[in-house]
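Right, one structure below, let's go through it.
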């Protein structure tokens with residue numbers, strides 16, 4: 001089947017019901033997207049489908065047909081970071097870093113709807129992305145900085 | 001026990017002798033009993049089964065009224081609690097304000113323990129007016145027969161809506177180890193119709209009438 005990932009069409013020879021996460025990591029070698037729990041409880045695998053956050057551990061490969069998939073590799077580049085990625089570096093959010101690609105993808109999706117979120121709104125939006133290192137205070141600050149960047153204030 | 005069996009047999013007889021049958025899909029039909037063919041008591045018996053469904057965790061967990069918080073309750077959980085991960089479905093009822101329900105609840109239904117259930121429809125909370133979680137049989141019954149709180153639906157439209165709305169069908173086929181809602185979708189629709197033809201009686205109607213000294217079947 002053909003799926004579009006990070007703006008490129010890919011022909012992959014997989015079963016329709018293979019989890020999309022397997023397709024990304026094992027077939028396309030896009031390993032920035034992490035496997036955490038496999039049941040949508042941790043958020044480590046978060047990507048975008050048509051611009052909205054989704055958990056590819058819960059999606060069948062066939063559900064990606066005709067959709068625009070974006071992974072952490074496609075959100076920005078080292079030379080042209082997405083505002084959320086830039087804020088993450090600015091605040092040195094990552095500790096072990098395993099959950100961070102999922103955190104960034106969730107934050108990027110959330111900020112499309114909430115350009116100027118409160119702390120409480122950030123907590124609601126980001127609580128489904130677990131961080132075993134407990135970087136939540138830095139995540140919250142980075143989301144606020146990213147929001148300010150996207151509003152053109154910094 | 002005898003009265004339960006009698007009631008079930010009576011219901012079966014009534015359902016099997018429905019006067020009109022309208023197909024509303026390839027799996028369910030809208031069985032319309034003849035007017036006057038269902039007594040108030042039979043309607044109340046049907047209602048008690050409807051309440052078993054409405055109050056079951058597969059249904060009630062997302063019928064949370066004004067609350068934006070889906071609930072986790074039932075045999076899969078050790079205690080009744082708010083949906084984990086601080087989920088807040090917001091005024092949109094589908095999480096647009098924070099994290100959309102569809103982020104995890106996709107078109108695929110997870111069979112894994114505590115995996116995210118999903119259907120080929122937008123996962124969302126029920127409308128605010130359909131406030132069932134923790135509510136009594138009387139409270140839910142009065143909601144469902146009140147056009148202001150049931151989406152301005154007749155009983156036929158309530159039953160028909162059950163047949164058409166894909167997200168509701170999941171309750172009877174939740175997959176994995178999840179306990180399904182009792183009876184079947186078709187039986188539930190039939191009970192709504194029987195209750196409707198009986199005049200949509202609610203359990204407290206009898207008490208009210210008894211208190212008024214009025215004889216009630």
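The values are calculated or read from the model by the stated rules, or taken from the named source; none is laboratory data. Since the model is a prediction, treat every value here as computed from it, not as a measurement. Cβ: placed from backbone, ideal geometry, glycine included. Neighbour counts: every protein chain shown.
Annotation: of all residues in the range A:15-34 being in contact with a helix residue (DSSP H, G or I) (Cβ under 6 Å, 6 or more places away or on another chain) and free of Cβ contacts under 8 Å to residues at least 60 places away in the same chain, the one that is surrounded by the fewest Cβ atoms within 10 Å (Cβ to Cβ) is A:16. When we screen A:58, A:68 for residues that are assigned by TED's automatic domain parsing to the domain that holds residue A:29, out of contact with any helix residue (DSSP H, G or I) (no Cβ under 8 Å at 6 or more places or on another chain) and over 22 Å from residue B:90 (Cβ atoms), the only hit is A:68. Scanning the range A:110-146 for residues that are more than 17 Å from the chain's Cα centre (by Cα) and buried (at least 22 other Cβ atoms within 10 Å of the Cβ) returns a single hit, A:117.
Determine whether residue A:57 is surrounded by fewer than 23 Cβ atoms within 10 Å (Cβ to Cβ) and either in a helix (DSSP H, G or I) or within 13 Å of chain B (Cβ to nearest Cβ) (or both).
Working: surrounded by fewer than 23 Cβ atoms within 10 Å (Cβ to Cβ): no; either in a helix (DSSP H, G or I) or within 13 Å of chain B (Cβ to nearest Cβ) (or both): yes.
So residue A:57 does not fit the description; no.
Residues that are buried (at least 18 other Cβ atoms within 10 Å of the Cβ) and either modelled with pLDDT of 95 or more or closer than 22 Å to residue B:100 by Cβ (or both): does the range B:203-216 have at least one? No: zero hits. For residue A:99, the conditions (1) surrounded by 21 or more Cβ atoms within 10 Å (Cβ to Cβ); (2) out of contact with any strand residue (DSSP E or B) (no Cβ under 9 Å at 6 or more places or on another chain); (3) over 20 Å from residue A:127 (Cβ atoms) all hold with the exception of (3). Taking the criterion of being surrounded by fewer than 18 Cβ atoms within 10 Å (Cβ to Cβ), assigned to a helix (DSSP H, G or I) and without any contact (Cβ under 8 Å) to a residue 40 or more places away in the chain, the only residue of the range A:85-96 that qualifies is A:89. Can you find a residue in the range A:3-14 that is buried (at least 20 other Cβ atoms within 10 Å of the Cβ) and modelled with pLDDT of 95 or more? Checked against the condition, which is being buried (at least 20 other Cβ atoms within 10 Å of the Cβ) and modelled with pLDDT of 95 or more, the range A:3-14 yields at least one hit.
Only a single criterion out of (1) touching a strand residue (DSSP E or B) at 6+ places or on another chain (Cβ under 7 Å); (2) crowded, with 17+ Cβ neighbours inside 10 Å; (3) at positive phi is not satisfied by residue A:50, namely (2).
So which residues in the range A:105-116 are at the interface with another protein chain (Cβ under 9 Å from one of its Cβ atoms) and touching a residue at least 12 places away in the same chain (Cβ under 8 Å)?
Step one: filter the range A:105-116 for residues at the interface with another protein chain (Cβ under 9 Å from one of its Cβ atoms), giving A:106, A:109-110, A:113-114.
Residues satisfying the conditions are A:106, A:109, A:110, A:114.
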